[in-house]
Structure formats: C-alpha cells, structure tokens
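Asker: Let me give you the structure first, and then I'll get to my questions.
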Amino acid sequence: MVAAGPDVVPVAKGNGYGFGLRQLAAEAERLDVPVLAVGTAAEVGEVRETFHGDLVVLQPWRPADPDAVALTGDPRVISTVTRVEDVPAVAAAGERPRVVLELRTSMRRHGLDVAEARAAVEAADGAEVEGWTIHLPLLTEGRMEEARELAALAQSVRPGPLWISHLTPTEAGTLASELDVPVRLRLGTSLWLGRPGLLTTTATVLDVHRVRRGERVGYRQRRVLKDGWVLVLAGGTAHGVGLEAPTSAASPRARAVSLATGGLAAVGRALSPYTVAGRKRWFLEPPHMQSSMVLLPADAQPPAVGDTVPVQLRLTTAVVDRVVDA
Ligand SMILES: *Cc1c(COP(=O)(O)O)cnc(C)c1O
C-alpha cells in the first residue's frame, strides 16, 4: 500500500490495532515513511524513540491538554488545529509550532468551516502551516465528491498539502493529480488489518475439568446445564475478550428469539469468541480479567492443557500477550 499510494501516513493510535503502538512505530520505521500519525499527544512518547520521523497528532490541539501544550514547538511534532481561537494560542505556546488546519467535513466532529478557515490562516503568522486536514466519514457514497469540494476550497484559501483520511490510495492519487497538490493519506485499519486472512488470534487452554449437570462453577457459582467439561481459556476482559460494539436494537430481539427457542442466551449465557472442537462455545460466566470459563458438552473431544484454540478478537479493542511471525 505504501508503494502504490500517494504519501502514506500510517496511523498508530489507541491499542495499536492489536499490535501495540511500539510495534507499529517499528513497522513505520521499517517502511521508511517520513511521518507517523498518533491519536493523542500522550501517545507521542510511546513512539518517538522507535520511529524517527515526524509525528502528527490527530486529536485537536487544545490549550487545556498539558501533553499537547508541552509538545508545541517540538520540531518533530505537527499539531492539528481545529478552532480559530486555538491558532494564536498554539503560536504562543511554542517556537513556530508546526500545524495542520482541519476542515469540518460531513462527519461534523472537529474542524473549521470556510469562513473560519480563512480567519485561521490570517491568524497563523506565528505558526508553520503544513497543510489542510480532511477527515471523511467511512461511507463510500459521495465521499470522493466531498473530498474534491473541500480540497478545492482549502486550496483557494491557502495552497498546501492535503492530509486525508478514508479515501482509497487510488482515490487519493486521483485527488493529488486533479488538484496538483501533495496528498498525504492516513491509513490505519486498512494498512494494519487490511488482509484479515494473514492474521490469526489464538488462546491457550489453561485448564480442563469434567463437570456434571447441576454442579456449580465459577465466581458466580452458577449451575452447569449439562454434562461436559469446564475449559479455562487464556484471555479475559483485560485482553478485550467479550467486548463488542454496541448493538442497538438487536439485543432485545435476539433475546426474544433466544427465549422462544430455549437458547442459553435466555438464561443469561453468552456465546464466547472461542472455537473449540469446531464450534463457538458458551461462556459459563462473564470473562474474568485474564481468563474465561466456557462449557464444552460431553459429546465433544476436549483439548489438552497447553493446546491453542482460535479466538475471535476485534483487533481495534484487543490487547494480546504476544505477536508472532508464523
Ligand atoms: C483513526 C484515524 C484514522 C485512521 O482510521 P482507520 O479507519 O483506522 O484507517 C485516520 N484519520 C484520523 C483523523 C483518525 O482519527
């Protein structure tokens, strides 16, 4: 992707897309890109010893963020400015700080409208403006048109590089040649996790115990509903096991369906992300901090202690113990 696209700015933020910030910083260093993006000013310290190029902070610069203020004027750091009143504040906080100005997109999250963009440019004497940033929504439809429109507006206010999110490398290349300006394409998920088949996540079997129907198990001492094995598997809340995106209206309906069909979810059981002997298995109770208890029915072949089993993890919320090259 780095070779194919315009200037790619890898994004290393949050949990580091499952790999951790340092590993992504090392990867960016290996890719030999000039700039790495981090989410917050607080994350700069996590990557700056590993990655030696410039660091752009995606979260808007605010005078009340002590980490952001401390980095203002650091020659390697580029701050994102999203409000007119922050322009003089950022300029006053450091020696000719490097900034990018963010335009407000249909996301309506942060950023300047056109009039504010003009005012920001006029107020930016004390800062080194490194271009415009445009953060588009994930929706495909209308995305390129919006990018074109905002990019052209930005160029009419002040010519400069465009820092863009959520276009494909091809779209970003098109934009760069249409407007004849450098485009820096910020990539996170599609760069690090774009080919899911290349990644597998597994959990170690920590313990296996025979149980009979009606016996009590776990912190909550719930009764087991059928004969089988208690499997104690590595991975708990600290790893992001059992974390799901909010499902809005799906849950009550799912619950009703489950009640009607006599499913385990109706009695408060949840399907776990662990696959054992070919199927996802039910949690016996909510995941613990670093391990989870699931039930394997008696008719299945139990794994051995030390075996690994597949576990489905959302890598933008997961923290793994080890990353290995297979
Ligand atoms: C997180 C973030 C990205 C990367 O998003 P992905 O969907 O992971 O590619 C790009 N731009 C901005 C401004 C972001 O905050």
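The values are calculated or read from the model by the stated rules, or taken from the named source; none is laboratory data. As the structure is a prediction and not an experimental result, all values here were calculated from the model. Heads up, the Cβs are rebuilt from the backbone with ideal geometry, glycines too, and the neighbour counts pull from every protein chain shown.
Asker: Would it be correct to say that V84 is assigned to a loop (DSSP other than H, G, I, E, B), under 21 Å from the mean Cα position of the chain (by Cα) and in the same structural domain as A117 (by TED's automatic domain parsing)?
Answerer: Working: assigned to a loop (DSSP other than H, G, I, E, B): yes; under 21 Å from the mean Cα position of the chain (by Cα): no; in the same structural domain as A117 (by TED's automatic domain parsing): yes.
In short, no.
Asker: Residue under question is L71, and the condition is that it be modelled with pLDDT of 95 or more, away from the ligand (no atom under 15 Å from the Cβ) and buried (at least 23 other Cβ atoms within 10 Å of the Cβ); does it hold? It would help to see each step written out before you state the result.
Answerer: Numbers: modelled with pLDDT of 95 or more: yes; away from the ligand (no atom under 15 Å from the Cβ): yes; buried (at least 23 other Cβ atoms within 10 Å of the Cβ): yes.
In short, yes.
Asker: Could you figure out which of (1) within 16 Å of the ligand (Cβ to nearest atom); (2) touching a residue at least 60 places away in the same chain (Cβ under 8 Å); (3) part of a helix (DSSP H, G or I) isn't true of L185?
Answerer: All conditions are met except number (3).
Asker: Filter the range 133-150 for residues that are surrounded by 13 or more Cβ atoms within 10 Å (Cβ to Cβ) and either touching a residue at least 40 places away in the same chain (Cβ under 8 Å) or under 19 Å from the mean Cα position of the chain (by Cα) (or both); which is nearest to the ligand (Cβ to nearest atom)?
Answerer: H135
Asker: Same structure again: Taking the range 96-132 as the region of interest, how many residues are in a strand (DSSP E or B) and either in contact with a Cys (Cβ under 9 Å, 6 or more places away or on another chain) or within 16 Å of the ligand (Cβ to nearest atom) (or both)?
Answerer: Here is the first cut: in the range 96-132, the residues in a strand (DSSP E or B) are 98-103, 112, 128-132.
Of the ones still in play, those that are also either in contact with a Cys (Cβ under 9 Å, 6 or more places away or on another chain) or within 16 Å of the ligand (Cβ to nearest atom) (or both) are 99-103, 112, 130-132.
Number satisfying all stated conditions: 9.
Asker: Okay, next question. Is there any pair linking a residue in the range 220-243 that is under 13 Å from L284 (Cα atoms) and of a type in the set (A, V, I, L, M) to one that is part of a helix (DSSP H, G or I) and modelled with pLDDT under 95, with Cβ under 9 Å and at least six apart or on different chains, and which?
Answerer: Once the first residue is under 13 Å from L284 (Cα atoms) and of a type in the set (A, V, I, L, M) and sits in the range 220-243, its partners that are part of a helix (DSSP H, G or I) and modelled with pLDDT under 95 give L225/L264; L225/V267.
Asker: I'd like to verify a number: residues in the range 1-46 that are in contact (Cβ under 8 Å) with a residue 12 or more places away in the chain and not in a helix (DSSP H, G or I), how many?
Answerer: 24
Asker: Output the residues belonging to the range 163-178 that are away from the ligand (no atom under 16 Å from the Cβ), closer than 14 Å to D7 by Cβ and free of Cβ contacts under 8 Å to residues at least 40 places away in the same chain. First the steps, then the outcome.
Answerer: Restricting attention to the range 163-178, the residues satisfying the condition of being away from the ligand (no atom under 16 Å from the Cβ) are 173-174, 176-178.
With the extra rule that they be closer than 14 Å to D7 by Cβ, the set shrinks to 173, 176-177.
S177 - this is the single residue of the range 163-178 that is away from the ligand (no atom under 16 Å from the Cβ), closer than 14 Å to D7 by Cβ and free of Cβ contacts under 8 Å to residues at least 40 places away in the same chain.
Asker: Take the residues in the range 14-55 that are within 14 Å of the ligand (Cβ to nearest atom), surrounded by fewer than 21 Cβ atoms within 10 Å (Cβ to Cβ) and of a type outside the set (F, W, Y), then tell me which one is farthest from V320 (Cα to Cα).
Answerer: Ranking the candidates gives V35 first.
Asker: Output the number of the condition that L103 fails; it satisfies all remaining conditions of (1) buried (at least 22 other Cβ atoms within 10 Å of the Cβ); (2) among the hydrophobic types (A, V, I, L, M, F, W, C); (3) within 20 Å of the chain's Cα centre (by Cα); (4) within 23 Å of L150 (Cβ to Cβ).
Answerer: Here L103 clears every test but (3).
Asker: Somewhere in the range 205-214, is a residue of a type in the set (A, V, I, L, M, F, W, C) and within 16 Å of the ligand (Cβ to nearest atom)? Show your work before the answer.
Answerer: From the range 205-214, those of a type in the set (A, V, I, L, M, F, W, C) are 205-206, 208, 211; that's our starting set.
Next, only the ones that are within 16 Å of the ligand (Cβ to nearest atom) stay: none.
No, the conditions are met nowhere in the range 205-214.
Asker: Kindly provide the set of residues from the range 3-49 that are on the phi > 0 side of the Ramachandran plot and of a type in the set (S, T, N, Q), ordered by number. Outline the logic, then answer.
Answerer: Step one: of the range 3-49, the residues on the phi > 0 side of the Ramachandran plot are 14, 16-18, 20, 32.
Within the range 3-49, none qualify.
Asker: Here's a follow-up. Give D180, D207, D227 a once-over and let me know the one that is loosely packed, with under 14 Cβ neighbours inside 10 Å and on the phi < 0 side of the Ramachandran plot. Full working, then the answer.
Answerer: Numbers: D180 fails: on the phi < 0 side of the Ramachandran plot; D227 fails: loosely packed, with under 14 Cβ neighbours inside 10 Å.
When all the criteria are applied, what remains is D207.
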